[in-house]
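Read the structure below first, then the notes.
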Amino acid sequence: MMLLVSVLALVNLATACGDQHFYAPDAHPEKREYPQFPLTPPYRPLVWGDFNVIHTTDTHGWLLGHQKSSWPEPNYSGDLGDFASFVTHMKRIAVEKNVDLLLVDSGDVHDGTGLSDGYPPGGVDAHESNKFLERLPYDLMAIGNHELYVYADTYDMYTNFVPQLHGRYLSSNVNITVFGSNGEAVNVPVGNRFVKFTTAKGRRVTSVGVLYDFTGNSINTTVQFVADMVKESWFVEAIEEEPDVFVLVGHMPISYDNWLVVFDAIRAVHPLTPILIFGGHTHIRDCQQYGGRSMALESGRYMETIGANLSAAQGNSNHISFTRRYLDHNRVTYQYHTRTSNSTFDTSYGHSITVGLEDLAEQFNLSYLYGYAPQDYTLSRNPYPSNGSVLSLFVDDAAPTALAINNSRSGTPNILITNSGELRFDVLKGEFTKNDQLTALPFTDSFLHIPNTTLSIATQVLPALNSAGTSNKKKRAAPETEMWRRGYVDGRYNVWLAEMARRAGPRSTADMAGNPTLGYVTTDFCPGDGDDTLHTAVPYYSSPDYIGSAIPNVTDDTPVDLVFIDFIVSDVIKVLNTLQSAKNYTDPDASLYSPVLANQVLGLYAQVEWN
């Protein structure tokens, strides 16, 4: 059949269950204030096809959008209510054009902002924020690795969220152990292994939802490796009948991972059936074609990107044309593509979601003000170490200040070490609130210490941890593979940013700071240009895996406290035992240094220094 496929890759948003759900716009919701930033609009309309898909992934709680004024944050200033209104208008346009439009999501709704992580004691991560994702018309959703780190989160998804998707939440290779009324343990899929349905226009769809080979899941959850999953009898039976199109969703990167394993298993049975794949996890914009009659899309992170795919299949007797587009998540983008204005764009449905999210933020006290950040401190747009690096801010100023509060060991010289991945986002100029604190560093890690380490030994720990140099690359390959399997994605995301900046050439970070066109400049593996809005690439500077505080001004034989985050205790102990032989240290030798947790450090510092 002749098929024109348009894929809208929507970063960090959601889609809903059911066929062609439609919510009629209300012409009179409370009018929203127009964005107070000179946002760059898209430079061309979307390409509509016979079969259209909007994709979101890795939302991580960013449902109120990016609220800071430092660029490129305003480009991603839309909230979930704006997205809901956009979906409403797109569904209307699809009806007018007599075409199909699906909404799909590839997982990771937990861990990222105060809306998901700022719940009061006794709560469950993302339990409340997920209630708003439920309200969007998702046709398919899949599980992510961040749904599996804590059993309570997985169980909450299983009991409260999954039922709202009515069979369209997929966890093909992920199970949870639950306990029946008789106390018997039962191992069951978190969602459905697969689903088959028919679209509004009569197209038959078969879908599976796959998680990459993740090993960091909590007890009482299981993840089956992808290569084993495709051998299961249920999978063989699920793909036996030929649909009009396979729509595969899953929290797995479309490049350098196992989607080809799933693709090849289907192609062995159906060599020509169109296959659409929607991946996630690496937080990048990416597009691949595994063959002329297929397309795979990954749509970024943190409600920053909304994408659509543009690619063409050549050399087939039945020609399929694919399109992709990566849209910036803001109201200007949405109004451009729906031909609405600020007075006609909002729907009562979308507006109610915005109001509900704002009420939730108030319930969680996310606007609690610690102080005012005097400037931007970034993860990668400024070099480390530097005055503009949030990593420098943390190890040189914030952690030493916060950890000295009510600490009897504050008078003892120390060296502080942490992994750079402990910081998750920038700290930007202006109000620094509870939400900003949880967004920049959400982890509840403790600070440990080993006392009476001579300075000459302590100063060698950080270089040894980073183990820089070609001779150590092979030694580091296995640990990096294991980190990847446990969920570490910063490595691939940073490589993507670095390549983007390299193509852009050298520029001054100071000159770019106020540039309203800063954003992603995507080069992927599909023909044509994918970006919906033209941007200048953001600067990028690499940082080491581990970072440390300044060396105390004492003699080499002076005993110091070696302080570090508990996430890296085994790494530190291993290195310490290679640097000296006076004592064989074990993990229990590291004792608590301070009751202050990692996610409290920046707030305590702001209260002291930014008021």
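May I have the count of lysine pairs in region 3-363 with C-alpha atoms under 26 Å apart, counting pairs 8 or more residues apart or located on different chains?
Eligible lysine pairs with Cα atoms under 26 Å apart amount to 11.
Taking the Cα centre as origin and putting +1 on Lys and Arg beta-carbons and -1 on Asp and Glu beta-carbons, what dipole magnitude results for the chain, to the nearest 20 debye? Can you show the working numbers first?
Working: 41 positive and 67 negative charges, 267 e Å.
It works out to roughly 1280 debye.
Write out the GluC sites (Glu not before Pro) in region 184-290 meeting two conditions: DSSP loop, and at most 16 other Cβ atoms within 10 Å of their Cβ.
Values: sites: Glu184, Glu232, Glu237, Glu240, Glu241; in loops: Glu184, Glu232, Glu241.
Within region 184-290, the qualifying GluC sites (Glu not before Pro) (loop, at most 16 other Cβ atoms within 10 Å) are Glu184, Glu232, Glu241.
Roughly how large, in nm² to one decimal, is the mean projection of the convex hull of the alpha-carbon atoms in region 100-197?
Working: hull surface 28.6 nm².
Mean projected area for region 100-197: 7.2 nm², to one decimal.
With label points built 7 Å along Cα→Cβ from the Cα atoms of Ala498 and Asp589, find their separation and express it in nm.
My value for the distance between the label points is 3.3 nm.
For region 222-380, with the dipole built from +1 on Lys and Arg beta-carbon atoms and -1 on Asp and Glu ones, taken about the Cα centre, which of Ala373, His281, Phe345 lies farthest toward the positive end?
With unit charges placed on the Cβ atoms, the residue in question is Phe345.
For Arg339 and Asn182, compute 0.36 nm times the residue count separating them, minus their Cα-Cα distance, and round to one decimal in nm.
On the way: separation 157, 0.36 × 157 = 56.52 nm, distance 5.73 nm.
Difference between extended and current length: 50.8 nm.
Among 124-136, 98-110, how do they line up by average Cβ neighbours within 10 Å per residue, starting with the highest? All intermediate terms of the calculation are to be shown ahead of the outcome.
Values: 124-136: 21.4, 98-110: 26.8.
For the peptides 124-136, 98-110, the packing ranking is 98-110, 124-136.
Sort 73-80, 522-529 by the packing proxy (mean of other Cβ within 10 Å over each peptide's residues), most packed first.
Numbers: 73-80: 24.2, 522-529: 17.2.
Per-residue Cβ counts within 10 Å, averaged per peptide and sorted highest first, yield 73-80, 522-529.
Whole Å is fine, so just give me how far the alpha carbon centre of region 262-309 lies from that of region 521-553.
23
Considering only His329, Phe214, His166, whose Cα is most displaced toward the positive end of the charge dipole of region 3-363, charges sitting on Cβ of Lys, Arg (+1) and Asp, Glu (-1)?
Result: His329.
In region 533-609, if the dipole is taken from +1 on Lys/Arg beta carbons and -1 on Asp/Glu beta carbons about the Cα centre, which of Thr533, Ser570, Val560 is farthest to the positive end?
Thr533
At a Förster distance of 51 Å, what's the computed FRET efficiency of Glu232 paired with Ile551, Cβ-Cβ distance as r, to 0.05?
Computed FRET efficiency for Glu232 and Ile551 comes out at 0.40.
Pick out the long, greasy-scoring helices in the chain: whole DSSP H runs spanning 20 Å or more along their own axis by Cα, mean Kyte-Doolittle at least 0.0.
Working: long enough: 80-97 (25 Å, 0.19); 348-363 (22 Å, -0.22); 490-504 (21 Å, -0.75).
Passing helices, by number: 80-97.
Scan region 156-241 for trypsin sites (Lys or Arg not before Pro) in coil per DSSP, keeping those whose Cβ has at most 11 other Cβ atoms within 10 Å, and list them by number.
Details: sites: Arg168, Arg193, Lys196, Lys201, Arg203, Arg204, Lys231; in loops: Arg168, Arg193, Lys201, Arg203, Lys231.
Those that pass, being in a loop and sparsely packed, are Lys231.
For the chain, what does -39500 (n - 2.57) per DSSP helix run (n ≥ 4), summed and divided by total residues, give at 222 nm, in deg cm²/dmol to the nearest 500? Walk me through the numbers on the way to the answer.
Numbers: 17 runs with 154 residues, N = 611.
Result for the chain: -7000 deg cm²/dmol, rounded to the nearest 500.
Rounded, prolate or oblate: which fits region 3-363 when a ≥ b ≥ c are the square roots of the eigenvalues of the alpha-carbon gyration tensor, with rounded for a/c under 1.5 and prolate only if a/b beats b/c? If you can, show how the numbers build up before the last one.
On the way: a/c = 1.74, a/b = 1.11, b/c = 1.57.
Taking the square roots of the gyration eigenvalues as a ≥ b ≥ c, region 3-363 is oblate.
How much of the DSSP beta bridge set in the chain is antiparallel, as a percent to the nearest 5? If you can, show how the numbers build up before the last one.
Values: 43 of 88 bridges.
Of the beta bridges lying entirely in the chain, close to 50 percent run antiparallel.
How do 248-255, 277-284, 451-458 rank on mean C-beta neighbours within 10 Å, highest first?
Ranking, from highest mean packing down: 277-284, 248-255, 451-458.
Quickly work out the Asp359-to-Phe225 label distance, labels modelled 7 Å from Cα along the C-beta direction, and quote it in nm with one decimal.
4.9
What is the distance, in nm, between label points placed 7 Å from the Cα along the Cα-to-Cβ direction at Gln600 and at Arg204?
About 6.0 nm, to one decimal.
For the chain, list log₁₀ I(q)/I(0) at each q in 0.06, 0.08, 0.12 Å⁻¹, using the Debye formula over Cα point scatterers of equal strength and ignoring solvent, two decimals each.
For the chain at q = 0.06, 0.08, 0.12 Å⁻¹, log10 I(q)/I(0) is -0.32, -0.57, -1.25.
Nearest 20 debye, what's the magnitude of the dipole of region 211-282 about its Cα centre given +1 on Lys and Arg Cβ and -1 on Asp and Glu Cβ? Write down the numbers at each step before the final one.
On the way: 2 positive and 10 negative charges, 51 e Å.
Its charge dipole is roughly 240 debye.
Quick one: Cα centre-to-centre distance for region 135-149 and region 163-234, in angstrom?
Using only Cα atoms to place each centre, the spacing works out to 11 Å.
Read the figures in this text as sums done on the coordinates, not as results from a lab. Source: prediction; values computed, not measured. For neighbour counting, all protein chains shown are included, and Cβ atoms are generated from backbone atoms with ideal geometry for every residue, glycine included.
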